[in-house]
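Structure record follows, encoded as structure tokens.
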Amino acid sequence: MLESFFKPKAVAIIGASTEPGKLGYTVLANVIESGYKGAIYPINPKASEIYGHKAYPSVLDTPLVPDLAVMVIPYQIVPSALRECGEKGIPAVVIITAGFRESGHEGIEREREVIQIAKEYGMRIIGPNVLGIIDTYTPINATFAAGTPPRGSIAFMSQSGALQTAILDWALAEQDLGFSKFVSLGNKADISENDLMLAWADDPESNVILSYIEGVPNGKEYIRIGREVSRKKPILVLKSGVTEAGSRAVSSHTGSLAGSEQAYDAAFYQAGVLRMSTLQELFDNARAFAYQPLLQGDRIAIITNAGGPGILATDTLERRGLQLARLEVETIHKLEEFLPDAASAANPVDVLGDARSDRYAKAIEIVAQDPNVDGMLCIVTPQAMTEIAETANAVGKLSQRLDKPILGVFMGEARIKPGVDVLASYNIPNYKFPEQAGAAFAAMRDYRILRDRPDPEYVTYTVDRATVKQVFDQVRAEGRVTVGEAEARRVAEAYGLRLPANELAATADEAVEAANRIGYPVVLKIASPDILHKTDVGGVRVGLRSAQDVRDAFDLIVYRAQRYVPDARIWGCLVQEMVSMDGVEVLVGMNRDPQFGPLVTFGLGGVLVEVLKDVTFRVAPFGKQDAYEMLDEIRAAALLRGVRGRPPVDKDALAETLLRISQLVTDFPEIVEMDINPLMVYEEGRGAITLDMRLVLKD
């Protein structure tokens, strides 16, 4: 179906205008001047001919059924025109017109009507409120932008049409930035990023998919489709609008740690999508993916005519986690045979500032054949003896015979431009600074790692869902959304989490009796559905070793709770087994993201978790590999591996806890927040134990 947008045999411009300067005139002119070879039908009831093409009062009057209709008409008449498109049998419609969801309540209703009409006739829609679409291979430019981008291998989609006009103008000035597809998504009433990713997955004209997004309408589908498509080609995304502006106050540790920024990071990673930080980075890296072979390893060779830039390149590669290729002895000997004595035959290979193109060419040829080299960075600075264009030509010719990526850093501006132009003719990206090229190589490495990750190995445990449902039903029946600790224990037990012995005591006498059964020492905690952070109100006492300790602690805890939270419902105190504290305290939690669903958190636990913020995230459900990866992603991962005589912790128990929580929050979408803090994890073989758990349900 989407083929009709990009390879139409006939196009109708609904709202084509006879007046230059009007949108309807510009869109028609762009279609014609882009070299489109199919039938073009201007639709205007008041004109007989526009821009040399016969005009028609309605799409119902065209001699052929257009594959594509482009609407540039007032929003009031879009529904009726769309219905005519449906009656004609047009499969694809681009609605450039604004005045829909982005304009308020009435616009939302208009957009709903448009969606309903499209569904009724089986049409697909891009828009409304878009710049339009471009396919440089058809070719067709159905936009109101000024100009058509150069043909290339980059497929680009964007929610912002205004941003695209700037990028288009930029592309027209660049020598090595060409596009295959250029699509404005606008309001995404129908077609979204998910549809275009699938459509472009097998597009032979597109080597890399770029996307500027402000929001994802279906997060779960985005992850699934992204994972499928990224196996075939890289997807680079720039996401804006991730500052925190949630209307619901969060009460758990996890809620304060997790936001849309973390959700998108986790979702992009799980989808195999590379997230870019800036527009510059987006297009710098796109050049490398679009025109060079993929990087098959992490070993980079640098050839330079200046020591300083070579050192800068070395630094940036190492900071990005790449390696300087260790050249074979034979390679070094071959270089030493012709390089001047002052030159460096080790990586970075410095051919010196007086190097002409022949010296460069020979050095590059030799280094490229080294089996330890996965990619090459060619740096040229414009010195007195430098043959800039000739050197670029030598690099270009070599690139045609290699299956290794070569990136250029021809540094400078005026004098270096002829060389940059030559590189562009060979489809070799050039970067003004070594840092940009290093980032591009790092992106290629990151893509290879994401592409080669195995599909998630999901684990399903035998659990007691009925008990959890019963607990949640009771909480709701009492008009609550917070789940008390005693209730949370039942949930944890139902999903197979290990817990210390525990009893609820309504009075000090009951607390003493419970402590006698459990065995000293014990811990007392306030039991209240209205007090989530017990330590904040002095609601926890540990190390109680006698009946008198228990009585005193009970009275003090209840007194403090009533004083600091007067309206709280007090059920008494939980008397809990005092477990060994010789493990590591970690946190496992969840906050439900509106786009992607349950966002599971892992990190160091304890009272300072919100200060340290040493946490990592995954969107549930996730597989075993994700669970184990989470353990290595926090800054304090060395603590889990064992340091200063401490043994490694039981990672299997931690991973199992993460997977059980993933199953719990997937099974029960009414859970909007949860924390296990702390989860005490012991050395290998001793497992992990849940010391405190809290949950918040959807209100």
**Asked** Among (1) 47, 36, 23; (2) 60, 30, 27; (3) 56, 40, 18, which one is semi-axes √(5λ) of the Cα gyration tensor in Å computed from these coordinates?
**Response** (3)
**Request:** Could you point to the residue in Ile32, Ala306, Val550 farthest towards the positive end of the chain's charge dipole, with +1 and -1 charges on the Cβ of Lys/Arg and Asp/Glu respectively?
**Result:** Ile32
**Item:** Mean residue ellipticity (222 nm) of the chain, computed from DSSP H runs ≥ 4 via -39,500 (n - 2.57), nearest 500
**Value:** -11500 deg cm²/dmol
**Prompt:** Using a simple spin-label model with points 7 Å from Cα along the Cα→Cβ vector, what separation in nm is obtained for Asp652 and Glu365?
**Reply:** 5.8
**Asked** Among Ala443, Gly479, Ala424, which residue has its Cα positioned farthest towards the positive end of the charge dipole of the stretch 412-520, with +1 placed on the Cβ of Lys and Arg, -1 on the Cβ of Asp and Glu, and the dipole taken about the Cα centre?
**Response** Ala424
**Request:** Using the charge dipole of the stretch 3-240 (Lys, Arg: +1 at Cβ; Asp, Glu: -1 at Cβ; taken about the Cα centre), state which of Thr143, Leu163, Phe182 has its Cα farthest towards the positive end.
**Result:** Phe182
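Multiply the residue separation of Glu684 and Glu3 by 0.36 nm, subtract the distance between their alpha-carbon atoms, and state the gained length in nm to one decimal.
239.6 nm
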**Asked** Over the stretch 465-577, what relative contact order in percent results from Cα pairs under 8 Å that are six or more residues apart?
**Response** 33
**Prompt:** Based on the Cβ-Cβ distance from Glu478 to Asn516, what FRET efficiency comes out when R0 is 25 Å, to the nearest 0.05?
**Reply:** 0.20
**Complete:** Per the rule of 0.36 nm per residue minus the C-alpha distance, extending Thr507 to Val329 adds in nm 56.0 nm
**Request:** For Met157, list long-range residues whose amide hydrogen, built 1.01 Å from N in the peptide plane, is under 5 Å from its own amide hydrogen.
**Result:** Val183, Leu210, Ser211, Tyr212
**Request:** Would you please classify the overall shape of the stretch 465-577 from the alpha carbon gyration tensor, given that a ≥ b ≥ c denote the square roots of the eigenvalues, rounded means a/c under 1.5, and beyond that prolate means a/b larger than b/c while oblate covers the rest?
**Result:** oblate
**Asked** Of all DSSP beta bridges located in the chain, what percent are antiparallel, nearest 5?
**Response** 50
**Request:** Mind ranking 460-471, 137-148 by how tightly packed they are, going by the mean number of other C-beta atoms within 10 angstrom, highest first?
**Result:** 137-148, 460-471
**Asked** Is the stretch 584-697 rounded, prolate or oblate when judged by the Cα gyration tensor, a ≥ b ≥ c being the square roots of its eigenvalues, rounded requiring a/c under 1.5 and prolate requiring a/b larger than b/c?
**Response** prolate
**Given charges at beta-carbon only (K, R positive; D, E negative), |dipole| of the chain in Debye** = 640
**Request:** Set the Förster distance to 35 Å, then compute FRET efficiency between Tyr137 and Glu109 from the Cβ-Cβ distance, nearest 0.05.
**Result:** 0.35
**Request:** Please list the helices of the chain that count as membrane-span-like by this rule: a mean Kyte-Doolittle hydropathy of at least -1.0 together with Cα atoms stretching 20 Å or more along the helix axis, each helix being a complete DSSP H run.
**Result:** 434-452, 547-564, 651-667
**Prompt:** Between Glu336 and Thr278, what is the FRET efficiency for a Förster distance of 35 Å, r being their Cβ-Cβ separation, to the nearest 0.05?
**Reply:** 0.25
**Request:** Using DSSP, restrict attention to beta bridges with both residues in the stretch 287-409 and report what percent are antiparallel, rounded to the nearest 5.
**Result:** 5
**Amide N proximity, the stretch 443-476 versus Asp667 label position 7 Å along Cα-to-Cβ, cut-off under 15 Å** = 459-473
**Message:** Modelling each spin label as a point 7 Å along the Cα-to-Cβ direction, I'd like the Lys698/Asp358 distance in nm, to one decimal.
**Reply:** 7.6
**Prompt:** According to a simple spin-label model (label point 7 Å from Cα along Cα-to-Cβ), what is the distance in nm between Arg401 and Asp536?
**Reply:** 7.0
**Request:** Could you work out how far the C-alpha centroid of the stretch 277-320 sits from that of the stretch 490-512, in angstrom?
**Result:** 57
**Asked** For the stretch 58-94 and the stretch 424-465, what is the separation of their Cα centres, given in Å?
**Response** 41
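All of the numbers you see were taken from the coordinates with simple rules; none came from a lab. Since we're looking at a predicted model, the values are computed, not measured. Virtual Cβ from ideal backbone geometry, glycine too; neighbours counted across all protein chains shown.
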